[in-house]
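One structure is given below, encoded as structure tokens.
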């Protein structure tokens, strides 16, 4: 069993086996053309435990965290959560460059959703 | 005559329990009953009557007789162990001591009840005089002296001191175990207290109850009396009177399925219950009047007939206090006295 | 003392692979009263059953425990086997060691231990079983069909042809149902009306069929063979006997702005209306919510123009009560609401429509007279996108978890018909899977692709965006090409999921028939009794049981009819002997049990009771075992334990509890 | 998941109505949806057949948890049975809670014939809950503990 | 009291009633017993005083089987029990002539220091006084009437009779406590505290069945705990489980039917507050299914033989913590 695949499943709370490969995620994705691994493929990468390729993918940083795929997925697979989890795995691996908690409040924008903020942290700290 | 200060009783109890299990009146959730002593027990010698009589110590409300187990298709029977360790019953009143006498005649006569006999053999009775008898008491009627109970040891509480008087060999042995805690006491103090107690007893409304007409012959003369029909009506057929009574000795034997086997146990039964002595064909007493009559004739006629005229009531008055409908043996006796039959 | 035989089934390897059946047999022999125990590969087989019979004969067994699959599967089989061997069938108990044990546990020791405990519980129960005799009840030789669509019509005709009276109750003003709304049918492309209308006429003309249109089932009581049903015949305000169906009233009616239900609201109808031209009966009804006469008291045009004098504003709802021996539910389906699917812009753009709406658009009697046109501007669409699985196969609460089954085929049909009639129009279908199991189905789909050039794209649509120019931008994905697609379309058709008619819940409650979480009626057995409801005497026909196409519906309708005929052919029925029973000696006559009885099966009598020698008149409960269905509600309400349930008695259940907990 | 025989294995009695929940359990079985073997099912015609006495009896004889499964309200095969069961069990469970019996030991769950998954999930979560509570000591007969 | 006797006498003499069900004088003031009186002479022993707590409704079950009407004296709270028994067809309204008798709170002798009591003054009817004077063998003492009242009188249901043919005497609403305060207090305890509390109370139970046999709702001809049919017969509490089993099941069987008459707590020889069980059910029923008073009428559906489609789920027990 691949530890990182398990970690991704655990962080995201997603069961990739529920995917029926309808492609609605990819159909909904505004960053589709920017991605090397497409949203509907995230699932099979996790199932196949091809995590190295996934974490090396630029898709991680192309995802806008708009959550259209999460909203529209008819099977509750939520590829956006998977990719977010994959990003987190990368950050945990790297394990540095933490932002001090004290610095955060000053950086907050009232208008920005917290969740977006979090994914932005993960995304742009390459 | 020996004595010990009331404030030293805890030490006394601790000492007794070193070599014996100790049972004495303990207050739990507002009510006083006989219970095993430990450091945390709220010992209550002031309450005149425990709710349940101390007969439990010799004849428990429920006791296992033997256990059958089935394992791998084989059945084994394990009888319950008989009592082998000594125990002390402390603070038992005159009426309740006499009640044990009543039970003895049932359980120790042939065939001897081995469970009861073992407990009697190992039990030491430390009785305690009644310093403030109540209106419901009528032990005097049965020749019991509330001021001078029977027992292996008799005790009195006078002016904050417990007077201790061993009466039997068992009592002497117990006294020897605790002798260093006791000092010599003046018998005269006790005698004065006894006189005071007896004076109160004289004033009790039921002390002069007449037992004329009761005894063996009542079974014939009073069985068909119309008085019963009048008396039983309020009876709810609960078993309160029988369960608080120090002399009621009926029991039922039942089986309990433990899953891995069967425990055969006995528990108190009550002649007030509609299923008392229920047999396959039905019940030999079909109405509550008959059950009611059974109880009182047993106390006042059948038992005396089989036991040299000894009544199986000791006048403790618990039924007088506890009957939900306020029926009791005093009312029965008085009703017949009034009717003259 | 019972002599009990325990029979442990291997079910091939279904049980034996996980449960040590030999060990269960060995443990059974240690149980009190068990005089025989054996295992066999297939207890339910002929050979297995004869082993049971042999053991009954040889060992004089008085009770049997079969450790096998669920009692819902083979309890009846083993009871019959026992009966043939001379044992009362109710002396048989099943220990479910397959569904409840071997199939869910992997560890052999653990599963064997559990199987042993389940066996013990069944042995403990069978010790207390008593032989039960089924009672008898009469059968009313008349059937009720609820729903007048193709399922209901077919069932009714088949029953009626066998010589039994049938009533159809249809909620709308005409029979015909969903099929009457369809244009063409797959895979033959014949006209729906052409094949349905003769059936409707046949039903209407049949001497054994009575049709109650514009009527609803109000109340159901009784039980198999003896149902009593109240039917509310809603007031039409038009006398069926007098109306000639000339249609003048509808023409003259001044209130004409009411969305036409038959055309899915795509055009309007008048307040007095017949849903469609071929309606049966061809008698209009007045929609009182829209009728000016009913709203204001003035108007009365229809009454004036009716030469037959059929209009009667004073008509009242009428409740008729009929007795039936059997009831068939054929309540059909509707498409789901799309409120939660904002991404498809349904409701935002008139040019996004459901497939059922497309049927009406393509139908010559529909709102566009059969011309394919955009509902927004009436222009002919040049680019049409079909989106599959809208709301089907959806595990979230927006849609339905099941496959609606018919969409793949009707979409192929629509695509083909459009390409045939309008070769200039491009048709694109976004699909997840194309499911075409059925006779000539895949050939049909391939024809759409190969002969008609329909563009099938494996992938889904994420969003439909209405454009300022009135067109629709469809954002989808082609999973095989790995390309996201942005496609301009003139019309988008949604293959909307179907769901059981919303009224089915109410009807199921009245019938005490169970329904699943999707509101489909539950069948008595998913494979072996697919047209029967678990409630005796209630049968299922059509989509109310699960998604079906027309041929399947008709086949099931016929099957349901056969079951009904089989029931009505009997003069008497054996009743369930597992009914409640009151112990007169213990009964207080307090009436609490009657308060909770859903069947009114408990009444009270004053009887002379001899209670162990005491004789007195007592008010005691009496159970009518023909009415009692054996739920047991009364048994718990009874404080004295006088009320008990045969077959599931207090002592039996307690014995099972004891056996499990020991 | 491998079974650790060292851990506390509770005894769980599940009363299942014949029409919905027992069928739901069958479906869980035919769908191979595992749940612990600690659960033993007793078939009753309807959830309203379950007498509080049965539940107390199970605890008396050593059960650590008792769960009652019936048709969803509105779906009772007998129309109304589960409504009565719902009131009875609510009051009984409230009383047990009042007496200081851990309220996690009792549960009512509505499981339809179609909900094999729910049945399995319910049993898994219930067993887990009862395991976390440990053996039932507050409501058992000492004679049955050996 | 004399008016009650006079009225009873005239009803007996007119033949309107065949017997009178009331209370008979005992050896002492508090030793009064429920009794049937068949003649005017017997009525000389009739008494009605502050110790007439016994609820006579249940005796009407047997009285309903007798020829002719029975005159029964019912206090306001007793009438609830009578109604409930009527609803369950256990008593016959036609066989009863009910005199709704006034009540200003009834006394419990245990609440007056019982040692050697000979006489209690001020406990009579209708002159229930503020202060009771108690004559004892060990000197006289005084106690307030309120402090000597039965528990149930502190949560009095009111002075109105729910059913009667005529009323005599004045009543007073003696409630001065919140009916559910004790229950709420226990509910607020931790599970350990709750368990300890009930364990200590119930361990006193001697299974004398006084609570059951006095209870007007426990009117079964044969109790399940006596019946061999149910496999549940018990005569003694062999282990602590059986105490709980008995009291839980008993409370459950009377749930929705118990009028909260308080007889169980009145008669318990061990002073177990048995009303806490029944009142817990009443509190839950009121909170979850709407206020319901058993015995307020003879035709409403009891809460356990009724339901609403939107009743709460049993999980509410866990949720409310």
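The values are calculated or read from the model by the stated rules, or taken from the named source; none is laboratory data. Note that the structure is predicted; figures quoted are calculated from it, not measured. Positions of Cβ are generated from backbone atoms using ideal geometry, with glycine treated the same way; all protein chains shown enter the neighbour counts.
Selection of region C:262-275 for residues being surrounded by fewer than 21 Cβ atoms within 10 Å (Cβ to Cβ) and either touching a helix residue (DSSP H, G or I) at 6+ places or on another chain (Cβ under 7 Å) or free of Cβ contacts under 8 Å to residues at least 24 places away in the same chain (or both) yields C:264, C:265, C:266, C:268. If you check B:193, B:202 for being surrounded by fewer than 14 Cβ atoms within 10 Å (Cβ to Cβ) and either at pLDDT below 95 or away from chain E (no Cβ under 11 Å) (or both), only one passes: B:202.
Counting only strands (runs of 3 or more DSSP E) wholly contained in region D:25-135, the ones carrying 3 or more residues that are crowded, with 23+ Cβ neighbours inside 10 Å and within 13 Å of chain E (Cβ to nearest Cβ) occupy D:65-70, D:106-110.
If you check B:60, B:54 for being at negative phi and in contact with a helix residue (DSSP H, G or I) (Cβ under 8 Å, 6 or more places away or on another chain), only one passes: B:54.
At pLDDT 95 or above and either touching a helix residue (DSSP H, G or I) at 6+ places or on another chain (Cβ under 6 Å) or buried (at least 22 other Cβ atoms within 10 Å of the Cβ) (or both): does that describe residue B:165? So residue B:165 fails the test.
Take residue B:185 and decide whether it is within 23 Å of residue B:11 (Cα to Cα) and modelled with pLDDT of 95 or more. Answer is no for this residue. If the condition is being touching a helix residue (DSSP H, G or I) at 6+ places or on another chain (Cβ under 9 Å) and within 14 Å of chain D (Cβ to nearest Cβ), then region C:603-629 contributes only C:628. Taking helices (runs of 4 or more DSSP H) as the structural unit, those lying wholly within region A:1-50 and holding at least 2 residues that are within 10 Å of chain C (Cβ to nearest Cβ) and within 26 Å of residue C:483 (Cβ to Cβ) correspond to A:24-28, A:39-47.
Considering only region E:16-38, I want to know if a residue exists there that is within 14 Å of chain C (Cβ to nearest Cβ) and out of contact with any strand residue (DSSP E or B) (no Cβ under 7 Å at 6 or more places or on another chain). Taking every residue of region E:16-38 in turn, none turns out to be within 14 Å of chain C (Cβ to nearest Cβ) and out of contact with any strand residue (DSSP E or B) (no Cβ under 7 Å at 6 or more places or on another chain). Checking each residue in region C:419-435 for being within 34 Å of the chain's Cα centre (by Cα) and surrounded by fewer than 24 Cβ atoms within 10 Å (Cβ to Cβ) picks out C:431, C:432, C:433, C:434, C:435. For residue C:513, state whether it is within 12 Å of chain D (Cβ to nearest Cβ), closer than 22 Å to residue D:115 by Cα and outside any helix (DSSP H, G or I). Yes: the conditions hold for residue C:513.
Which one of the conditions (1) within 14 Å of chain D (Cβ to nearest Cβ); (2) crowded, with 20+ Cβ neighbours inside 10 Å; (3) in contact with a strand residue (DSSP E or B) (Cβ under 6 Å, 6 or more places away or on another chain) does residue C:28 fail to meet, given that it meets all the rest? Evaluating residue C:28 over (1) within 14 Å of chain D (Cβ to nearest Cβ); (2) crowded, with 20+ Cβ neighbours inside 10 Å; (3) in contact with a strand residue (DSSP E or B) (Cβ under 6 Å, 6 or more places away or on another chain) leaves (1) as the failure. So, in region E:35-54, exactly how many residues are crowded, with 22+ Cβ neighbours inside 10 Å, within 17 Å of the chain's Cα centre (by Cα) and within 10 Å of residue E:23 (Cα to Cα)? Selection size over region E:35-54: 6. The one condition from (1) surrounded by fewer than 19 Cβ atoms within 10 Å (Cβ to Cβ); (2) more than 14 Å from every other protein chain (Cβ to nearest Cβ) that residue B:37 does not meet is (1). Assessment of region C:103-116 against the conditions (at the interface with chain D (Cβ under 10 Å from one of its Cβ atoms), under 17 Å from residue C:647 (Cα atoms) and buried (at least 21 other Cβ atoms within 10 Å of the Cβ)) yields no matching residue.
The rows are residues; the columns are (1) in a loop (DSSP other than H, G, I, E, B); (2) at the interface with chain B (Cβ under 7 Å from one of its Cβ atoms); (3) in contact with a helix residue (DSSP H, G or I) (Cβ under 8 Å, 6 or more places away or on another chain); (4) more than 15 Å from residue B:270 (Cα to Cα).
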position: E:204; (1), (2), (3), (4): yes, yes, no, yes
position: E:208; (1), (2), (3), (4): yes, yes, yes, no
position: E:213; (1), (2), (3), (4): no, yes, no, no
position: E:219; (1), (2), (3), (4): yes, no, yes, yes
position: E:225; (1), (2), (3), (4): yes, no, yes, no
position: E:229; (1), (2), (3), (4): yes, no, yes, yes
position: E:235; (1), (2), (3), (4): yes, yes, no, no
position: E:238; (1), (2), (3), (4): yes, yes, yes, yes
position: E:244; (1), (2), (3), (4): no, no, yes, yes
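Summed over region D:46-98, residues that are touching a residue at least 60 places away in the same chain (Cβ under 8 Å) and either touching a helix residue (DSSP H, G or I) at 6+ places or on another chain (Cβ under 6 Å) or over 20 Å from residue E:305 (Cα atoms) (or both) total 11.
Within the option set C:367, C:381, being away from every other protein chain (no Cβ under 14 Å), touching a strand residue (DSSP E or B) at 6+ places or on another chain (Cβ under 6 Å), closer than 29 Å to residue C:421 by Cα and in a loop (DSSP other than H, G, I, E, B) holds for one residue only, C:381. Within region B:215-246, the residues that satisfy the criterion of being assigned to a helix (DSSP H, G or I) and surrounded by fewer than 17 Cβ atoms within 10 Å (Cβ to Cβ) are B:219, B:220, B:221, B:227, B:229, B:230.
Looking across region C:472-487, the residues that are without any contact (Cβ under 8 Å) to a residue 40 or more places away in the chain and on the phi < 0 side of the Ramachandran plot come down to C:473, C:475, C:477, C:478, C:479, C:480, C:481, C:483, C:484, C:485, C:486. Among the residues of region C:563-592, those that are in contact (Cβ under 8 Å) with a residue 24 or more places away in the chain and in a helix (DSSP H, G or I) comprise C:563, C:564, C:565, C:567, C:568, C:592. Among the residues of region C:313-342, not one is in a helix (DSSP H, G or I) and either modelled with pLDDT of 95 or more or in contact with a helix residue (DSSP H, G or I) (Cβ under 6 Å, 6 or more places away or on another chain) (or both). Filter region B:265-279 for residues that are buried (at least 20 other Cβ atoms within 10 Å of the Cβ), facing chain E (nearest Cβ under 8 Å) and in a loop (DSSP other than H, G, I, E, B) and give the result. Within region B:265-279, B:269, B:270, B:273 qualify. Screening residue E:176 on (1) crowded, with 16+ Cβ neighbours inside 10 Å; (2) away from every other protein chain (no Cβ under 14 Å) shows it passes everything except condition (1).
If you filter region B:322-341 down to residues that are on the phi < 0 side of the Ramachandran plot and out of contact with any helix residue (DSSP H, G or I) (no Cβ under 9 Å at 6 or more places or on another chain), you find that the one that is modelled with the lowest pLDDT is B:337. Set side by side, the residues C:84, C:79 differ, and just one is in contact (Cβ under 8 Å) with a residue 12 or more places away in the chain, in contact with a helix residue (DSSP H, G or I) (Cβ under 7 Å, 6 or more places away or on another chain) and surrounded by fewer than 20 Cβ atoms within 10 Å (Cβ to Cβ), which is C:84.
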